[in-house]
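Okay, structure first, notes after.
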Amino acid sequence: MTRLRSSGLAPWWLSRVAVAVAAFAGLWMVQAHASVTGFWKAWDQWDARLLREVAEFGYRGYHTHTADTHLEAFFPGEPAMLRAVHVVIPSWTAAGLLISLVAGAVACVALARLADLDAGGSGRLAVCALVLSPYAVFLAAGYSEALFLAFALPCWLAARHGRWPVAALLGSLAAAVRITGIFLGAALLVQWLVDTRGRGRARDGLALLGPWAATAGYFVYLHSITGDWLAWSHAERDGWGRQWTAPWTALQTTWHAAFASQPSDYAWSFRAEILAVFVGVALTVALIWLRHWGEAVYVGGQVAVLATSAYYLSIARATLLWWPLWVLLARIAQRWRAAGLAYLAIAPALMIVGVVAFTQGHWVG
């Protein structure tokens with residue numbers, strides 16, 4: 001039992017109970033709602049459904065089965081894992097939930113060890129900060145965040161211990177799950193450059209190109225089936241309106257959506273996106289101040305790209321992938337108990353709201 005607590009698994013499994021209770025309670029309270037048809041259907045929402053369609057029909061086959069397009073925006077790692085698990089789990093939705101359940105457990109163990117490495121004894125606090133975060137519903141749903149973290153966090157842990165071949169392999173697997181892998185790849189190279197341990201550094205540095213090679217491999221595959229070298233970015237642009245713009249224009253557009261043009265449910269989401277950008281900027285500055293160069297590149301690179309999109313979208317959800325945020329929050333809570341209590345007073349309630357909203361089909365992030 002002591003080992004379970006110290007590994008970070010206890011907060012993960014307890015939070016899964018909380019998520020399941022919130023989902024069931026939400027469905028029970030709105031059981032007369034026409035769109036609510038059961039627990040499994042409630043989780044087949046938004047990107048979870050799109051990832052399922054890729055797994056079921058492939059990147060080209062879906063045209064004859066569904067009206068959804070622009071599925072090239074989704075990297076193949078999650079659909080491939082979903083298809084493999086579906087061999088033994090007949091329900092696509094249940095398979096997606098199982099992947100997130102197991103992957104999240106792996107991620108939490110690695111996060112606890114990373115936090116203990118930076119500040120001894122803060123591992124469980126870091127895991128609690130993550131699993132109780134307002135957007136933690138996406139670690140439970142059949143999204144790709146949990147699977148990415150299951151590769152990225154052990155990858156970074158291996159890098160911190162100078163185990164570069166292992167880090168390169170895990171980083172490549174993470175890059176097959178999300179475009180975020182290119183920022184992980186950049187962070188690994190920076191971490192390798194500032195590390196002073198061991199021999200064979202040139203060989204290790206070459207291996208650390210793996211995450212970028214994995215991303216390039218997906219782009220080559222998309223070109224082979226679409227004839228378009230920019231199929232991924234064009235899918236993002238045509239499907240979600242994501243294209244480069246000046247950062248002040250992106251902020252202005254999102255601000256207008258948050259406070260002037262959108263209905264209340266979407267308006268609150270855009271306000272959260274604005275807050276997430278400011279959190280990302282502050283986190284990057286803090287990481288630079290702490291001289292955590294690799295992590296500063298990982299977070300700062302994402303913030304720079306996401307904040308120069310046509311408008312802010314899914315940045316609040318991306319905070320789940322910023323593991324330095326959860327480690328830093330754990331360090332703060334360890335030093336100032338009042339800060340930890342303040343987080344516990346706010347974050348879990350928002351997490352429950354996110355679970356209920358998502359399982360009822362509302363846009364969360």
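In nm, what is the difference between 0.36 nm times the number of residues separating residue 14 and residue 221 and their Cα-Cα distance?
Working: separation 207, 0.36 × 207 = 74.52 nm, distance 4.04 nm.
Value of the extension gain: 70.5 nm.
Its Cα gyration tensor gives the chain an equivalent ellipsoid. The semi-axes, each the square root of 5 times an eigenvalue, are 29, 26, 22 Å from largest down. Label separation (residue 84 vs residue 266): 3.8 nm, computed from points 7 Å beyond Cα along the C-beta direction.
With Rh defined as the Kirkwood radius, the inverse of the mean 1/r over Cα pairs, the Rg/Rh of region 87-159 is 1.04. Any idea which of 75, 148, 15 is furthest toward the positive side of the dipole for the chain, if Lys and Arg beta-carbons carry +1 and Asp and Glu beta-carbons -1? The Cα lying farthest towards the positive end belongs to 15. Relative to the Cα centre, the charge distribution of the chain, modelled as +1 at Lys and Arg Cβ and -1 at Asp and Glu Cβ, gives a dipole magnitude of about 1200 debye.
For each of 351, 29, count neighbouring Cβ atoms within 10 Å of the residue's Cβ, then give the residues from fewest to most.
Working: 351 23, 29 12.
Sorted ascending by nearby Cβ count, the order is 29, 351.
Length available on full extension from residue 281 to residue 344: 0.36 nm per residue minus the Cα-Cα distance, which gives 20.4 nm. For the listed peptides 313-324, 148-159, a ranking on the average number of other beta carbons within 10 Å per residue, highest first, reads 148-159, 313-324.
Considering region 165-292, its Cα convex hull presents a mean projected area of 10.6 nm². Relative contact order, whole percent, for the chain stands at 22, derived from Cα pairs under 8 Å and 6 or more residues apart. Rg and Dmax over the alpha-carbon atoms of region 69-215 stand at 16.0, 49 Å.
Each Lys and Arg contributes +1 and each Asp and Glu -1, all at the Cβ; summed about the Cα centre of region 120-210, the dipole is approximately 320 debye. According to the Cα-based calculation, Rg over Rh for region 45-128 is 1.15, with Rh computed by the Kirkwood formula. Only four residue types carry charge here, +1 at the Cβ of Lys and Arg and -1 at the Cβ of Asp and Glu. Report the dipole size of region 119-277 about the Cα centre in Debye, rounded to the nearest 20. Here region 119-277 has a charge dipole of around 680 debye.
Per DSSP H run of n ≥ 4, the term is -39500 (n - 2.57); total these for the chain, divide by its residue number, and report the mean residue ellipticity at 222 nm rounded to 500 deg cm²/dmol. If you can, show how the numbers build up before the last one.
Values: 20 runs with 263 residues, N = 365.
Computed ellipticity for the chain at 222 nm equals -23000 deg cm²/dmol.
Once you wrap a convex hull around the alpha carbon atoms of region 262-365, what is its projected area averaged over all directions, in nm²? Kindly include the intermediate steps, with their values, before the conclusion.
Numbers: hull surface 28.8 nm².
Mean projected area for region 262-365: 7.2 nm², to one decimal.
Between 223, 332, 54, the Cα set farthest toward the positive side of the dipole of the chain (charges on each charged residue's Cβ, about the Cα centre) is that of 332.
Give me 266, 218 ranked fewest to most by other Cβ atoms within 10 Å of their Cβ, as a rough exposure proxy.
Lowest to highest Cβ neighbour count: 266, 218.
Extending 7 Å from the Cα toward the beta-carbon at both residue 160 and residue 255 defines two label points whose distance is 3.8 nm.
Among 225, 274, 89, a tally of other beta-carbon atoms within 10 Å of each Cβ gives an order, fewest to most, of 225, 89, 274.
Each reported figure results from applying straightforward, stated rules to the coordinates on display, with no laboratory input. Everything numeric in this text was worked out from a predicted model, so none of it was measured. Don't worry about glycine lacking a Cβ; one is built from the backbone with ideal geometry, like all the others, and counts go over all protein chains shown.
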